[in-house]
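These notes concern the structure reproduced below.
The values are calculated or read from the model by the stated rules, or taken from the named source; none is laboratory data. Treat the numbers as computed from the prediction; the structure is a model and nothing was measured. Using ideal geometry, Cβ is built from the backbone for each residue, glycine included, and neighbour counts are taken over all protein chains shown.
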Amino acid sequence: MESAVEIIDLKKSFGAHEVLRGAKLKVNSGEVLVVIGPSGSGKSTMLRCINLLEKPTSGSIKIFGQEINDKNTDLPSLRQKVGMVFQSFNLFPHKTVLENVMEGPRTVLKLSKPDAAEIAMNLLMKVGVEDHHAKKPSQISGGQQQRVAIARALALNPKLMLFDEPTSALDPELRAEVLDVMRGLAADGMTMLVVTHEMEFARKVADQLAFIDDGVIVETGLPEITLKSPKSERLKLFLKTVKWGEDQ
Amino acid sequence: METNYDWDFSWISDYWPIFIEAWAKTSQVLLLSATFSVTIGLFVGILLNSNKPLVRAIPRLYVEIFRLTPLILLIVFFFLILPIQFGLRLDNFWTGVIALSFNYGAFAAVVFQAGIKGVPKGQREAAQAIGMTKSQVLIRVVLPQAVFKMLSPFGSMLIYLNKDTSLVSVIGVTELFNVSQSVGSRLFRNMEILIFIAALYLIINIPLAYVSEYLNRKFNSD
């Protein structure tokens, strides 16, 4: 199987503090990989290294076979291929919902306004917020905002989607609508790398589960098996501390 | 209280065209200096936010020198140095505009710097994450949001600038204050004339104050 992401010996320090200490991970094309781990374990940093929002200190990251930890990497074209959804949505507050989704096609892909609007509207329908297309982000709920943020990332037709704790800033009752959209994307065959605390989602949707702690990937495997019978002591300990999904 | 002074505003009927002309000159100085200082401020403010210390150094030096020296000193200094050192024979009007623009440009730079810095980091990251280049991020995402936050300081800046146009009178620009002095020495009605031109400054500055306050409330209410 073609690998979408291959991370080898990834290290990242902030000043004297080493957050990633040789992480290793492989995501196959069409697969959903969920990363779990305690806060401060480096899971967000690892994700942010994949689209180079953080510059790795050392190590190799290959995206569809191409090394990106290289000073010659063209950031805009890398980021067109790799969509990202943030914990705090980060929609553009001065633009409407529709304009938020049109922004990538307009500015980056240089599409005409009608073409960009058509793409954006279709994506808003896909994530179920088309009725709110003329509103500003501040006028819709957090769950709706996050779905718009997913549409905004999809508008560039990425081959890989990164999710950085997409439901952590949401009230429990709003999480399901975001997770549903993500489930739909996974069913469509999108390659996804998801950092989350949603254990239900991990168990049901992930093809692979990775547990990160203290800057290294401690354990990877099928979610069902890994969650039921963790091999490492650290994962056993971690699983005792996590809250399971609200939809149980 | 001294009460035997006879207030007399009857000169207005003869002299108002002179004052309107001076007022127009004041307004030209205001508009040109405002345009130039905002332009200077935009570029210097962007450079001040660079993460490279070398890129920041010269803009920083410019801002500190021009912000922290008396404006009247700058005006007279430009009046002397432009022809003597640079061979630039500008008329007094443009010399005044340039001095005001450099001084207010330093203020505008600080306002832009703070405005740009005030846009949350997540906005920049979200824009980068959809593949925007650095300049696209700045023009399409950061600056439009920064500008709203700057409405109030820019309003104050324009008000101060309008008042400070009076300082170019020292190099002989025939704007409101300069004309008030020459007409005053002819008519011996200096107090009345000052009251009259004060009203002309207020006609510009009162609406400016209210409009900037209104816009600030409208866009920064949440």
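Here are some notes:
- Inspection of region A:104-111 finds no residue satisfying the criterion of being under 20 Å from A:M190 (Cβ atoms), surrounded by fewer than 16 Cβ atoms within 10 Å (Cβ to Cβ) and without any contact (Cβ under 8 Å) to a residue 40 or more places away in the chain.
- Yes/no for A:M121 being free of Cβ contacts under 8 Å to residues at least 60 places away in the same chain, more than 7 Å from every other protein chain (Cβ to nearest Cβ) and surrounded by 23 or more Cβ atoms within 10 Å (Cβ to Cβ): no
- Some residue of region B:45-52 being among the small types (G, A, S), farther than 24 Å from B:S152 by Cβ, in contact with a helix residue (DSSP H, G or I) (Cβ under 7 Å, 6 or more places away or on another chain) and modelled with pLDDT under 95: yes
- The single condition among (1) acidic (D, E); (2) buried (at least 19 other Cβ atoms within 10 Å of the Cβ); (3) away from chain B (no Cβ under 14 Å) that A:E18 does not meet is (2).
- The residue list B:V97, B:V111, B:V142 contains one member that is crowded, with 20+ Cβ neighbours inside 10 Å, farther than 20 Å from B:K25 by Cα, away from chain A (no Cβ under 14 Å) and touching a residue at least 24 places away in the same chain (Cβ under 8 Å), which is B:V111.
- Residue that is farthest from the chain's Cα centre (by Cα) [pool: residues in region A:90-108 that are more than 8 Å from every other protein chain (Cβ to nearest Cβ) and over 17 Å from A:E130 (Cα atoms)]: A:R106
- Residue match in region A:125-143 (condition: more than 20 Å from B:Q145 (Cα to Cα), within 12 Å of another protein chain (Cβ to nearest Cβ) and either hydrophobic (A, V, I, L, M, F, W, C) or within 20 Å of the chain's Cα centre (by Cα) (or both)): no
- Residue within region A:146-153 that is within 14 Å of another protein chain (Cβ to nearest Cβ), within 20 Å of A:K26 (Cβ to Cβ) and crowded, with 20+ Cβ neighbours inside 10 Å present: no
- Any hit, region A:125-141, residues being in contact with a Pro (Cβ under 7 Å, 6 or more places away or on another chain) and either under 18 Å from A:V194 (Cα atoms) or crowded, with 24+ Cβ neighbours inside 10 Å (or both): no
- The set of residues from region A:167-214 being crowded, with 17+ Cβ neighbours inside 10 Å, assigned to a helix (DSSP H, G or I) and in contact with a Phe, Trp or Tyr (Cβ under 8 Å, 6 or more places away or on another chain) comprises A:L179, A:M182, A:M199.
Yes or no, residue by residue, for (1) within 13 Å of chain B (Cβ to nearest Cβ); (2) in contact (Cβ under 8 Å) with a residue 24 or more places away in the chain; (3) buried (at least 21 other Cβ atoms within 10 Å of the Cβ):
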| site | (1), (2), (3) |
| --- | --- |
| A:N51 | yes, yes, yes |
| A:E54 | yes, yes, no |
| A:I61 | no, yes, yes |
| A:S77 | yes, no, no |
| A:K81 | yes, yes, no |
| A:F86 | yes, yes, yes |
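- Qualifying residue in region B:39-52 (condition: loosely packed, with under 12 Cβ neighbours inside 10 Å and either under 26 Å from B:P120 (Cα atoms) or in contact (Cβ under 8 Å) with a residue 24 or more places away in the chain (or both)): yes
- Residue in region A:193-202 that is in contact with a helix residue (DSSP H, G or I) (Cβ under 6 Å, 6 or more places away or on another chain), of a type in the set (S, T, N, Q), closer than 30 Å to A:E99 by Cα and touching a residue at least 60 places away in the same chain (Cβ under 8 Å) present: no
- Residue match in region B:192-202 (condition: in contact (Cβ under 8 Å) with a residue 12 or more places away in the chain and either farther than 20 Å from B:P17 by Cβ or small (G, A, S) (or both)): no
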